[in-house]
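Read through the structure below, which is laid out as structure tokens, and then see the notes.
Laboratory data are not the source of any read-out in this text; all were calculated from the coordinates shown. As the structure is a computational prediction, the values presented were derived from the model and not from experiment. Methodologically, a virtual Cβ is constructed for each residue, glycine included, from the backbone with ideal geometry; neighbour enumeration extends over all protein chains shown.
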Amino acid sequence: MATRTATKMIRFLTMAAALLAVPLPAVAASLNSMNDVGAALLACWAPPANTDNSSVTLSFSFKRDGTLIGPPRTTAIHVIGDDAARMAYVDAAAKALQNCLPLSFSPSLAQGVAGNIFTLQFNSPKK
């Protein structure tokens, strides 16, 4: 049992260190691609406790200034538990998205990104 707890703690610390190594969008250089955008958004994500093997996919659109056009929409969800657990997971993903905004797009990305619908999957660690 102690080994399992130690393994979980090592995984948590490894993920925390990786997240701390990624610059936050507010202070980072302009994002040049949608891969950069996805990485920046996922750097803000911390799944709720006890939600292993869970995921939610959100759809959203950006304005050129890096803010959202309206609220994100849940397009897929896989969370084990009751409605409250699912809602808490969706809320955590939406909050992570909001906490990363506004993003700083490069001029060329800002021209192409505005108004298009994007999807991003927020995952918990798999057991």
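What the table below lists for this structure:
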{"read-out": "Ratio of the Cα radius of gyration of the stretch 68-124 to 2.2 N^0.38 Å, where N counts its residues", "value": "1.34"}
{"read-out": "For T75, residues with placed amide H under 5 Å, excluding near neighbours", "value": "T57, L58, S59"}
{"read-out": "Percent RCO, i.e. relative contact order, over the stretch 24-123, from Cα pairs under 8 Å lying at least 6 residues apart", "value": "44 percent"}
{"read-out": "Per-selection metrics, the stretch 24-123 (Cα): Rg and Dmax in Å", "value": "13.7, 44"}
{"read-out": "Reach of K126 by Cα under 19 Å, taken over aspartates and glutamates that are not fewer than 8 positions away in the same chain", "value": "D52"}
{"read-out": "FRET E, pair D65, A88, Förster distance 22 Å, beta-carbon r, rounded to 0.05", "value": "0.15"}
